[in-house]
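Okay, so here's the structure we're looking at.
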Amino acid sequence: MTDVVFIGPSLPAGEVERLLPDARIRPPVAHGDLLRLDVGPGDRVLIIDGFFLQHPPVRHREILDLLARGVTVAGAASMGALRAAELWQFGMRGVGDVFRLYRDGVVTGDDEVAVVHGPAEDGHRILSEPLVNVRIALRRAVAAGVIDDAESNRLRQLCADLPFRRRSYRALERTAPPDAAALVDRFLTWHRRDPWDAKGADARLLLSMAAADDAELRPAGPEDQPVDNLLTRFLDSWRSRHAGVAVGGHWVSDRDVAAVLMLLHPESPARHRRSVLAGLARCDPADPDVEDRAVEVAREQGLLAGGPAGQDWLTDAERGLDAREAVLRLLARAFGTTPYRSLAWWMVAEPLRAPALRAAARQVAATAMTLNETLLPRTTGGRRPGGRLHFRTEVIDGCFAALWGCPPDALAAAAWDRGFVDLESFRYAAEPLVGYLRAFGPPRLPAVPGGPATGGPAATHDGLVNDESRAGPPVRAG
């Protein structure tokens, strides 16, 4: 069993190690982090802290995806409590006071758990006080007879009126109106003698329950509400962008691999076309009649009505194509293209997803990333962290027009035939590979299992693939 703990300012990493030895400790969770995890049934993901301002927050569907895979997901204290209160009906487990306050609707604002904190190197040192901590401290003060309910409500409102970045007990002292000064002093005098960190306490509770294998921390089961429509294009796109493996010190996502195969494999246009037409005709791409079936289905469903409008998918040079080929190109382009930001692994034609091709494409992507690190921008202020030189539009277009053996004015059509909806999407995917192509030429990727595809636009690299003197080094799995 693997335990993964996302923690930041709520608790020091050393205390996590003490309470739950062998846990894999991660920084506060952000969008995409859960999709990178290699976890499955029997594993547990414990969410305590999470980003929401500096980075996009963890999405609900990312957590539901883990639950659907049999992973136990539990939360407490901060972002974990917030997401657990939103998803407990679907099987995410929540523990602690903060979770219950959100679940029961006593607390509704995300800002109540928000804190300002220092960087990881500084141990995520807390620089503000979360309002939920103040709320629970006030509740304890009422129980101890230090203040009454009306005084508690006034103090909480004074803190709530402060922006979350400025919330602290010291700020409460400085900003309290004169008629509340004595009340603030009475409360803080008591609180400093008996401090209570509610978020820290909840985090410790969650870790202790995990260490004890508490039955409450169980995976989603039949008693939980099932999730409908989990697998959406959004989730698929997020997976492609964030899921992947580390290669040569770089994180290579499935989207990076898809871009390499769609842009650089010489069989990509033909394989893509057959895959799109087979999906339209609901038949196997290997069916020899796939093109005729696709045209027949398109006519039956009225997809070819008003045919001239479809000419937007043809270049001037393609106007003279015979009617059948023009229709096939129109269908493949109209139903088989997507923006780069929606690019997902499913967009890669099935034969190109073979393990050897996937591994080789990962290596190409990692090599391109390494090479790009050497392309420093000419700046007087030194290199910006993560910054590099980016290639101009005309350089990208010229590089790939030569690679694909097409004139520049046909580049959009060549991009359509590889699954990209427009030149902007193509350029976004292609730019990171320009340095590699200029340094090494096109990679000699492994052949597609089962032999070459037939039909469709020309699928050569202007002779570069078979020219050993000009092509890049062979790239193989492993």
Go through Ala413, Pro57, Gly302 and say which Cα lies farthest out towards the positive end of the charge dipole of the chain; charges sit on Cβ, +1 for Lys and Arg, -1 for Asp and Glu. Pro57
Radius of gyration and Dmax over the Cα atoms of region 65-112, both given in Å: 10.4, 32
With every protein chain kept in the model, how would you rank His60, His191 by accessible area, 1.4 Å probe, largest at the top? His60, His191
Skip the ligands, DNA and RNA, and give the accessible area per residue of the chain with a 1.4 Å probe, whole Å². 47 Å²
Å³ per residue of the Cα convex hull, for region 21-61? 86 Å³
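Any chance you could list the semi-axes, whole Å, largest first, of the equivalent ellipsoid that the Cα gyration tensor gives for the chain, using √(5λ)? All intermediate terms of the calculation are to be shown ahead of the outcome.
On the way: eigenvalues 596, 124, 94 Å².
Taking √(5λ) for each Cα gyration eigenvalue gives 55, 25, 22 Å.
Express the carbon and sulfur contribution to the solvent-accessible surface of the chain as a percent, rounded to the nearest whole number, probe 1.4 angstrom.
Working: 11790 of 22660 Å².
Heavy-atom surface of the chain belonging to carbon and sulfur, 1.4 Å probe: 52 percent.
Loop-only check: which chymotrypsin sites (Phe, Trp or Tyr not before Pro) in region 111-208 are DSSP coil with at most 15 other Cβ within 10 angstrom?
Details: sites: Phe164, Tyr169, Phe187, Trp190, Trp196; in loops: Trp196.
Sites meeting the loop and neighbour criteria: Trp196.
Just to be sure I understand: if I project the alpha-carbon convex hull of region 65-212 onto a plane and average over all orientations, what area do I get in nm²?
On the way: hull surface 41.7 nm².
Across all orientations, region 65-212 yields a mean hull projection of 10.4 nm².
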Efficiency of FRET between Asp289 and Ala317 - r from beta-carbon atoms, R0 30 angstrom, step 0.05: 0.60
Between region 83-121 and region 316-332, the Cα center-to-center distance that results, in Å: 56 Å
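Only Lys, Arg, Asp and Glu count, each charged at its Cβ (+1, +1, -1, -1), so figure out the dipole size of region 174-298 about its Cα centre, rounded to 20 debye.
For this selection, approximately 680 debye.
With +1 on each Lys and Arg Cβ and -1 on each Asp and Glu Cβ, and nothing else charged, work out how big the dipole of the chain is about its Cα centre, in Debye to the nearest 20.
On the way: 58 positive and 63 negative charges, 216 e Å.
Here the size comes out at about 1040 debye.
Normalised radius of gyration for region 128-201, please: alpha carbon Rg relative to 2.2 N^0.38 Å, two decimal places. Please report the intermediate quantities before stating the final value.
Values: Rg = 11.1 Å, N = 74, 2.2 N^0.38 = 11.3 Å.
The reported ratio for this selection is 0.99.
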The farthest towards the positive end of the charge dipole of region 1-90, of the residues Leu87, Pro28, Gly40, given +1 on Cβ of Lys and Arg and -1 on Cβ of Asp and Glu, is Leu87
Translational D in µm²/s for region 166-320 (Stokes-Einstein at 4 °C, 1.567 mPa s, Kirkwood Rh from C-alpha pairs): 54 µm²/s
If you take the Cα atoms of region 285-362, find Rg, then find the Kirkwood Rh from the mean of 1/r over all pairs, what is Rg/Rh? 1.04
Given only helices, namely DSSP H runs of n ≥ 4 each adding -39500 (n - 2.57), what is the per-residue ellipticity at 222 nm of the chain, to the nearest 500 deg cm²/dmol? -13000 deg cm²/dmol
What whole-number value in cubic angstrom gives the convex hull volume per residue for the C-alpha atoms of region 1-135? 102 Å³
Cα-centred dipole magnitude for region 171-227, charges only on beta-carbon of K, R (+1) and D, E (-1), debye, nearest 20: 360 debye
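The values are calculated or read from the model by the stated rules, or taken from the named source; none is laboratory data. As the structure is a prediction and not an experimental result, all values here were calculated from the model. For neighbour counting, all protein chains shown are included, and Cβ atoms are generated from backbone atoms with ideal geometry for every residue, glycine included. For the accessible areas, the whole protein counts, side chains as well, though only heavy atoms, and no ligand, DNA or RNA atoms are used. Shrake-Rupley method; radii C 1.70, N 1.55, O 1.52, S 1.80 Å.
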